[in-house]
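The values are calculated or read from the model by the stated rules, or taken from the named source; none is laboratory data. In this text the structure is predicted, and so the values were computed from the model without any measurement. Glycine gets a Cβ as well: all are built from the backbone with ideal geometry, and neighbour counts include every protein chain shown.
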Amino acid sequence: MPLHDVGYRGWHGEPRHGLAAGVIASTGIRLALKSAWLRRVMIFAWSPAVVFAGAFFAFEQAIDDMARGAWHSDPSRLDNLGLLGKLVADSLGGRLDEPEVARRTVWSRLLLAFMRVPQTVLLAVIVGLVAPKLIAGDLRAKAWLVYFSRPVSRFSYILGKVGVLAAIVCLVTLLPALALWVLGVLVSPSAWVAVATWDLPIRILGASAAVTIPTVLLALAFSSLTAETRIATFAWFATWVACWITHGALTGADMAARDRPEARAVQSVFADSPFDDGPPVVRPSSQLRRLGWLAQAAGIDQTTDRWAWLSLFHAQGVVQSWIFGIEKRFAVVLPSLISLVTVAAGSLVVLFLRVDAPTRA
């Protein structure tokens, strides 16, 4: 007498996408954190927050000293605090007569610079350590036989893998930025500062999403295209480097063209054009101009970067600047926004086509 049919049988229940994705994500996070290198890099990723925390404290101390009459409201005194002091002083562009306005300006620029330069660069390294093996490892070990022989849909599988990277990305970008905002509130003279800057945590969340969504989806798309982890890793870093070099070459060509005598003559003719109804372009001070990367990261140098959409790093920076309310020219933001949406949508299509491709072979 036969006991049971032990072969695969159809399942006719209702799949719980959230439960399956949660299990995949939690397992992936637990396995990823076993890497000693990843733990070291994640700890190191919090170190820039310590430096920026000093800038928050110095600014609030300056506000407090001014309120007590210890010194006049001259932001140039902040120059002695190093690079971030110059950034704070240049952000104000005047006196500290209006503390609330000055606080919003300085906090926004400090948070933007923090998320735009150190965290995004470290994020690319961390994603390069984690993402390649998430799907490529399943393809190589034929783990898809385990996943898709159970009531796990493509959506649940992708959502779980995205959850792994999203959680790690939030630990690197979102949480340190929120910690800086909380620190700013704690060192400020009044708890009402939290009410006055209530929108900054929301902007931090939006800026983190602008980095997380296209970055995570692109990394997973590379991982789904091959069963070799090293190929996915190479593709990830090669894309960042190639896009950065292309952006730098085209931007350098534009700068060289603007330095030509005929180009300067045209710029002088149209400098005061009555047809230019956009907001005035803010230029950094001569001191901060020598540190162009810092002025651009904080949104002080608002020179139009017309090639930002070609580079994932620079496109994310432009969109983040818009989210923080620093870049107000939507025509400048639109190409970068379209670029990020295109990368995210294209990567998502690749994922849906590739994750269960072996089952259709």
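For LEU112, are the conditions met, namely being among the hydrophobic types (A, V, I, L, M, F, W, C), surrounded by 13 or more Cβ atoms within 10 Å (Cβ to Cβ) and at pLDDT 80 or above? The answer is yes for LEU112.
Any chance region 177-193 includes a residue that's free of Cβ contacts under 8 Å to residues at least 40 places away in the same chain and buried (at least 19 other Cβ atoms within 10 Å of the Cβ)? Looking through region 177-193, at least one residue is free of Cβ contacts under 8 Å to residues at least 40 places away in the same chain and buried (at least 19 other Cβ atoms within 10 Å of the Cβ).
Residues checked against (1) free of Cβ contacts under 8 Å to residues at least 12 places away in the same chain; (2) within 22 Å of VAL125 (Cβ to Cβ); (3) surrounded by 20 or more Cβ atoms within 10 Å (Cβ to Cβ):
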residue: VAL319; (1), (2), (3): no, yes, yes
residue: GLU327; (1), (2), (3): no, no, yes
residue: PRO335; (1), (2), (3): no, no, no
residue: THR342; (1), (2), (3): yes, no, no
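Restricting attention to region 146-162, the residues that are charged (D, E, K, R) and surrounded by 15 or more Cβ atoms within 10 Å (Cβ to Cβ) add up to 2. Failed condition for LYS34, given (1) assigned to a helix (DSSP H, G or I); (2) at pLDDT 80 or above, with all others met? LYS34 satisfies all of (1) assigned to a helix (DSSP H, G or I); (2) at pLDDT 80 or above except (1). Considering only residues that are touching a Lys or Arg at 6+ places or on another chain (Cβ under 8 Å) and within 20 Å of PHE114 (Cα to Cα), which ones fall in region 323-354? If the condition is that a residue be touching a Lys or Arg at 6+ places or on another chain (Cβ under 8 Å) and within 20 Å of PHE114 (Cα to Cα), then ILE323, PHE324, GLY325, ILE326 are the ones that fit.
Kindly indicate whether LEU123 is modelled with pLDDT of 85 or more, under 14 Å from the mean Cα position of the chain (by Cα), hydrophobic (A, V, I, L, M, F, W, C) and in a helix (DSSP H, G or I). Even if it seems obvious, please write down each step before you answer.
On the way: modelled with pLDDT of 85 or more: yes; under 14 Å from the mean Cα position of the chain (by Cα): yes; hydrophobic (A, V, I, L, M, F, W, C): yes; in a helix (DSSP H, G or I): yes.
In short, yes.
Is it true that THR212 is in contact with a helix residue (DSSP H, G or I) (Cβ under 8 Å, 6 or more places away or on another chain), buried (at least 16 other Cβ atoms within 10 Å of the Cβ), of a type outside the set (A, V, I, L, M, F, W, C) and in contact (Cβ under 8 Å) with a residue 60 or more places away in the chain? Considered against the rule, which asks whether it is in contact with a helix residue (DSSP H, G or I) (Cβ under 8 Å, 6 or more places away or on another chain), buried (at least 16 other Cβ atoms within 10 Å of the Cβ), of a type outside the set (A, V, I, L, M, F, W, C) and in contact (Cβ under 8 Å) with a residue 60 or more places away in the chain, THR212 comes out as no.
Residues in region 97-109 that are among the β-branched types (Val, Ile, Thr) and either in contact (Cβ under 8 Å) with a residue 12 or more places away in the chain or not in a helix (DSSP H, G or I) (or both) were compared, and the one that is surrounded by the fewest Cβ atoms within 10 Å (Cβ to Cβ) is THR105. Reported count of residues in region 205-228, each being hydroxyl-bearing (Ser, Thr, Tyr), modelled with pLDDT of 90 or more and more than 19 Å from PHE155 (Cβ to Cβ), is 2. Contact map, region 22-36: residues that are within 12 Å of VAL162 (Cα to Cα) paired with residues that are modelled with pLDDT under 85 and part of a helix (DSSP H, G or I), Cβ distance under 9 Å, separation 6+ or inter-chain. Pairs shown: ILE24/TYR147. Only one of the numbered conditions (1) hydrophobic (A, V, I, L, M, F, W, C); (2) buried (at least 19 other Cβ atoms within 10 Å of the Cβ); (3) at pLDDT below 90 is not met by LEU165, and that is (3). Residues that are modelled with pLDDT under 85 and either out of contact with any Cys (no Cβ under 6 Å at 6 or more places or on another chain) or under 26 Å from VAL162 (Cα atoms) (or both) number at least 1 in the following helices (runs of 4 or more DSSP H) confined to region 268-361: 286-289, 292-297, 357-360.
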